[in-house]
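Trainee: Quick one: structure below, then a few questions.
The values are calculated or read from the model by the stated rules, or taken from the named source; none is laboratory data. Remember, predicted model here, so these are calculated numbers, not experimental data. Backbone-built Cβ (ideal geometry, glycine too); neighbour counts: all protein chains shown.
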Amino acid sequence: MYNFDYVKASSVADATAALGGDAQAISGGQTLIPTLKARLGQPSSLVDLSGVAEMSGITAGDGSVTIGGAVTHHAVSESGDVPASVAALAAGIGDPAVRHRGTIGGSVANNDPSACYPSACLGLGATIHTSGGDVAADDYFQGMFDTALGEGQIVTGVTFPTPAKANYQKFVQPASRFALVGVFVSQMADGYVRVAVTGASESGVFRWSDAETALAGNFSADVVPAAPSADGMIADLHGSAAYRAHLISVMTKRAVAAC
Amino acid sequence: MPTVSMTVNGKSVSGEVEGRTLLVQFLRDHLSLTGTHVGCDTGQCGACVVNVNGDSMKSCNMLAASADGAEVKTIEGMANDDGSLGVIQQAFQDNHGLQCGFCTPGMVMTADDLLARNPNPSEVEIREYLEGNLCRCTGYHNIVKSIQAASAAMTAGE
């Protein structure tokens, strides 16, 4: 790892003042530290967000819950305030030691195309709180490792609306524990359905609109369409594009059946 | 260079580190606590697991500066006060829970974390909790037996 200056931020204002240029934010660091060890980045300074008090809590609201950006996967998995589907998703990330350190803000800011959290954000229609303002999940995720975050901006929290039904099904890539394909399905009290897919597309997390349309009329695993087109799906040694496309349909059915 | 201070195995320590110094490097190279091992150095294998403020964490995947002010427990803190093996360590010896021993510090620290949260884990719960700890010798069976034995011994000792 190339050396860098270490800056411990104690507030969001503190953090954003220290960011910009070649400075980079670090939250739990469970992705960033291995990346820096591989010398895939050379920040001039790392601004540590893990001690920012205003980003550390889980706040239950009226019909929603807000999770601070610095809240760990473990804390989300143990919380009685977050939707059960989100707690279960958090409990399935990495391994216990990683969950004790990794954070929701870091995951959402990084937008790894195989990460779990982006599918929960998109699959529930979450609001992403950033230091530059609030962004709807539909507008926030803009492709592989690409988000609406501007330079020097950080994710300060995520607000999830409470669904009537929701479930996340993950086909685990056994070496990394990332999703080979993960599907988050939800239905709100007004009947609105979302199906968000991670791990599959070269464009990162996306909504599978054909399945949403079918499920809006009849929320049943029987109506989930067959595999979508394999065009634009990720192909690697763990699975071909066609295999991933097939898994999208399978995991969607499982998620609907488990709701 | 930042100065970090923390409590390691009950003792207050401090030292000057670089921004990039990992917690495991601070423990091993600055404090000479070489019981914590670096296996893969990519956050996969769990040989470097230590306890930070009550939670197991991979010390190769954490900056020393981020642990400033923390309460850290390492494998060196697992023995009894008289220097004899602690309950979990003794259970690993009794049940052949190690062969080459390289992964053992991480296994013991993860077991300690598990038993603090769940004093009577099932075999499935033990195996799930060891998801981030790799062992290439034992096939895990005797590690699981060791943790079951430690659980029984701790429960009997209460």
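Trainee: Quick one: how many residues across segment A:170-203 are within 14 Å of chain B (Cβ to nearest Cβ) and outside any strand (DSSP E or B)?
Mentor: 6
Trainee: Report whether or not B:GLN90 is over 26 Å from B:VAL17 (Cβ atoms), in contact (Cβ under 8 Å) with a residue 60 or more places away in the chain and either of a type outside the set (Asp, Glu) or more than 10 Å from chain A (Cβ to nearest Cβ) (or both).
Mentor: yes
Trainee: Something else about it: Being under 20 Å from A:VAL86 (Cα atoms) and crowded, with 21+ Cβ neighbours inside 10 Å, is that true of even one residue in segment A:242-249?
Mentor: Within segment A:242-249 (the criterion being under 20 Å from A:VAL86 (Cα atoms) and crowded, with 21+ Cβ neighbours inside 10 Å), the answer is yes, since at least one residue qualifies.
Trainee: Same structure, new question: Could you please let me know if A:ARG177 is surrounded by fewer than 23 Cβ atoms within 10 Å (Cβ to Cβ) and basic (Lys, Arg)?
Mentor: Yes; evaluated as a whole, the condition is true for this residue.
Trainee: Read through the list (1) at positive phi; (2) modelled with pLDDT of 95 or more, then give the number of the only condition that B:PHE102 fails.
Mentor: Going through the list (1) at positive phi; (2) modelled with pLDDT of 95 or more, B:PHE102 breaks only (1).
Trainee: Still on this model: Quick one: A:VAL47 ticks every box in (1) assigned to a loop (DSSP other than H, G, I, E, B); (2) hydrophobic (A, V, I, L, M, F, W, C); (3) more than 10 Å from every other protein chain (Cβ to nearest Cβ) except a single one, so which number is it?
Mentor: (1)
Trainee: Go through (1) assigned to a loop (DSSP other than H, G, I, E, B); (2) within 14 Å of chain A (Cβ to nearest Cβ); (3) in contact with a helix residue (DSSP H, G or I) (Cβ under 8 Å, 6 or more places away or on another chain); (4) surrounded by fewer than 24 Cβ atoms within 10 Å (Cβ to Cβ) and name the single condition B:GLY69 misses.
Mentor: Just one mismatch for B:GLY69, condition (3).
Trainee: Got a number for residues in segment A:85-102 being within 11 Å of chain B (Cβ to nearest Cβ), crowded, with 23+ Cβ neighbours inside 10 Å and part of a helix (DSSP H, G or I)?
Mentor: Residues flagged as within 11 Å of chain B (Cβ to nearest Cβ), crowded, with 23+ Cβ neighbours inside 10 Å and part of a helix (DSSP H, G or I) within segment A:85-102 amount to 4.
Trainee: Which condition number in (1) crowded, with 18+ Cβ neighbours inside 10 Å; (2) touching a Ser or Thr at 6+ places or on another chain (Cβ under 7 Å) is the one that B:GLN44 fails?
Mentor: Here B:GLN44 clears every test but (2).
Trainee: Let me ask something else. Determine which member of the set A:ALA60, A:ALA53, A:ALA75, A:ALA70 is crowded, with 23+ Cβ neighbours inside 10 Å and small (Gly, Ala, Ser).
Mentor: Sole residue among the options that is crowded, with 23+ Cβ neighbours inside 10 Å and small (Gly, Ala, Ser): A:ALA70.
Trainee: What's the total number of residues in segment A:1-38 that are within 11 Å of another protein chain (Cβ to nearest Cβ) and part of a loop (DSSP other than H, G, I, E, B)?
Mentor: 10
Trainee: Scanning segment B:33-45 for residues that are among the hydroxyl-bearing types (Ser, Thr, Tyr) and either more than 8 Å from chain A (Cβ to nearest Cβ) or touching a residue at least 60 places away in the same chain (Cβ under 8 Å) (or both), which turns out farthest from A:VAL98 (Cα to Cα)?
Mentor: Going through the qualifying residues, I end up with B:THR34.
Trainee: Let me ask something else about it. When you look at B:ALA149, is it surrounded by 14 or more Cβ atoms within 10 Å (Cβ to Cβ) and either assigned to a helix (DSSP H, G or I) or more than 14 Å from every other protein chain (Cβ to nearest Cβ) (or both), yes or no?
Mentor: Spelling it out, B:ALA149 is indeed surrounded by 14 or more Cβ atoms within 10 Å (Cβ to Cβ) and either assigned to a helix (DSSP H, G or I) or more than 14 Å from every other protein chain (Cβ to nearest Cβ) (or both).
Trainee: When both residues are 6+ apart or on different chains and their Cβ atoms are under 6 Å apart, which pairs have a first residue that lies in segment A:62-82 and is touching a residue at least 24 places away in the same chain (Cβ under 8 Å), and a second that is of a type in the set (Phe, Trp, Tyr)?
Mentor: Listed pairs, sorted by first residue: A:VAL65/A:PHE160.
Trainee: Further question on the same structure: Kindly evaluate A:MET233 against the criterion of being of a type outside the set (Val, Ile, Thr), in the same structural domain as A:GLN173 (by TED's automatic domain parsing) and under 27 Å from A:PRO83 (Cα atoms).
Mentor: no
Trainee: Further question: For segment B:46-60, name all the residues that are in contact with a Pro (Cβ under 7 Å, 6 or more places away or on another chain) and within 9 Å of chain A (Cβ to nearest Cβ).
Mentor: B:SER56
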